[in-house]
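Some notes on the structure that comes next.
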Amino acid sequence: MADFDLAVIGGGINGTGIARDAAGRGLRVVLVEQNDLASATSSASSKLIHGGLRYLEHYEFGLVRTALKEREVLLRAAPHLIRPLRFVLPVNEARRSALMLRLGLFIYDWIGWRRILPGTRELDLLTDPAGAPLRRSFHHAYEYSDCFADDARLVVLNAVDAAERGATIRTRTRAVRAERGEAWRLILNARGRREEVTARVLVNAAGAWVETLAESVLRLRQKPHLRLDKGSHIVVRRLYDHDRAYILQAADGRVVFTIPFQHDFTLIGTTDRTFVGDPAAVLPTGEEIEYQCGVVNEYFRSVIGAADVVWAYAGVRSLYDDGARKSEDIRSQDLGREYVLSLDERSGEAPLLTVYGGKITTYRRLAEDVMAKLAHFFPRTQPWTAHSPLPGGDFVYDGLETLVARTQRTWPFLSADHARRLASAYGTRVDDVLKTAQEPADLGLRFGADLTATEVHYLMDKEWARTADDVLWRRSKLGLRFNDSQRMVLDRFMAAG
């Protein structure tokens, strides 16, 4: 008998979502990730739960409808990590007419299955506060709804939920060989230690590495379908005081978002260009940074440049290319964002399911579809995630302010900003982080910003954090507020255990 029913390779949003769904159905699940959870694409997104307004231009109505339906499902499941966000779309007649924008937003609202999020409205930028930071040449805008998400924490909490439902989560463990028989035999390298596990079914959810894994680990010859697409983002000091985002139309037909980020900053993104090379070594280029600054400067009164960037990051999206058109004839931004699930079944041999593409917004649906595809191997299991909160998300979708207030009442020595950050990161599990602390000294060493030893121990014990970067850039974004010496102190503390 195999050790596990299902082995998942890849600790991004798709892999952890699949592991959670399968574990909740009572399957024995192991997830293998070569680095930290969300260490690649899933922590390098635009951090939006959205339908993808611009996909309507490519007539991807099915994709947009599916994504829009997921917005409120995820908002209810993780109201600490996901929040409604209003987007201001200034009319720029040189790019798209007001009529075209209004029609697109009408469709967006109509197919969006909204119960919580408000619909589109028109803005007079000469009188609305949203017009204040913009150049005076912009008079008219539309405002619509989507959601903002803490992408990396969403991944981590899917893994936490999977583990609490019985899954084995193996981070910093590389699958070096997979041998296929009646069951899969996986040879693992866990920080220099060789291990073996067996599984009835294998899911390749390695994202940008999905074909590399198939070739080098699974030793399969497959027709290449993966198209890698690089998206870069920059973060600057806050460009404006209100809490809305902007969606800016660029001259090349793309859009660039400016999003309020971590209270004191603005997140700007993204680029869209074909990527060739090692996905682990992806970095924003000077040209990409200048491109984004240029789009912002076209709309905003304050001018920014590369010197204003406090953090820049890039990720590689994996897109499915069906090969119907010559690759040189198609731009990355024109490739479909639909995910594709490829099931390889052979008589007498264990099955392999490969995941191509996907986006954070639709990860839960993707996981359900994976389980539907494998239903004949695992009969009598039922979908369950649509109405089940993620860890810490067991409160009403608009209850974060109430939770912040309760956190401050329970631990009155916390500053307002500290209480808000903890409630937003951990939801109702802030109780498990702070426990019976009665004064600041009870939280232990303070490393920088408001990060304390108590929180770091929790992240190491419950969320697989092993290094300073795990804590500062994936479990939080406190890296924006840490200097190098503070980071080194934290690394030494974590290494000491």
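The values are calculated or read from the model by the stated rules, or taken from the named source; none is laboratory data. Nothing here was measured: the structure is a model prediction, and the numbers come from that model. FYI the Cβ positions are ideal-geometry reconstructions off the backbone, even for glycines, and counts take in every protein chain you see. The accessibility values were calculated without ligands, DNA or RNA, using every heavy atom of the protein model including side chains. Shrake-Rupley method; radii C 1.70, N 1.55, O 1.52, S 1.80 Å.
Per-residue ellipticity at 222 nm from helix content only, as computed over the chain with -39500 (n - 2.57) for each DSSP H run of at least four residues, stands at -8500 deg cm²/dmol. Ellipsoid semi-axes for segment 21-143, based on the Cα gyration tensor and the rule √(5λ), read 35, 17, 15 Å when sorted largest first.
Looking at the square roots a ≥ b ≥ c of the eigenvalues of the Cα gyration tensor of segment 80-162, which shape do they give, rounded for a/c under 1.5, prolate if a/b is larger than b/c, or oblate? Prolate, because a/c is 1.5 or more and a/b exceeds b/c.
According to the square roots a ≥ b ≥ c of the eigenvalues of the Cα gyration tensor, what is the shape class of segment 184-259, taking rounded for a/c under 1.5, prolate for a/b larger than b/c otherwise, and oblate for the remainder?
Numbers: a/c = 3.88, a/b = 2.23, b/c = 1.74.
In terms of gyration-tensor shape, prolate.
Taking all Cα-Cα distances within segment 351-393, those exceeding 14 Å account for 57%.
Residue-normalised convex hull volume from the C-alpha trace of the chain: 152 Å³ per residue. Computed over protein heavy atoms with a 1.4 Å probe, the accessible surface of the chain works out to 42 Å² per residue. A simple packing score, the average count of other Cβ atoms within 10 Å per residue, orders the peptides 244-251, 26-33 as 26-33, 244-251, with the highest score first.
Most tightly packed first, judged by the mean number of other beta-carbon atoms within 10 Å of their residues, the peptides 88-96, 275-283 read 88-96, 275-283. The alpha-carbon atoms of segment 353-497, seen along their principal axes, cover 55, 34, 24 angstrom, with the largest extent given first. Please compute the contact order of the chain in relative form: average sequence separation of alpha-carbon pairs under 8 Å and at least six residues apart, divided by the residue count, as a percent. Worked out over the chain, it gives 19 percent. For the pair segment 354-426 and segment 72-145, the centres of their Cα atoms are 25 angstrom apart. Measuring max minus min along each principal axis, the C-alpha atoms of segment 430-497 give extents of 31, 22, 22 Å (largest first). As an equivalent ellipsoid, segment 263-403 spans semi-axes of 37, 27, 12 angstrom, where each value is the square root of five times an eigenvalue of the C-alpha gyration tensor, largest first. Measuring nothing but protein heavy atoms, the accessible surface of the chain at 1.4 Å probe radius is 50 percent carbon and sulfur. Among 64-72, 114-122, 416-424, the peptide with the highest mean count of other Cβ atoms within 10 Å heads the list, and the full ranking is 64-72, 416-424, 114-122. As a length-normalised measure over Cα pairs under 8 Å and 6 or more apart, the relative contact order of segment 53-192 settles at 23 percent. Sorting LYS373, LYS435 by accessible area puts them as LYS435, LYS373; the probe is 1.4 Å, largest comes first, and only protein heavy atoms count. A crude spin-label estimate for the pair ARG136 and THR436, with each label 7 Å from Cα along the Cβ direction, gives 6.5 nm.
Across segment 357-467, the mean sequence separation of Cα contacts (distance under 8 Å, 6 or more residues apart), normalised by length, yields a relative contact order of 18 percent.
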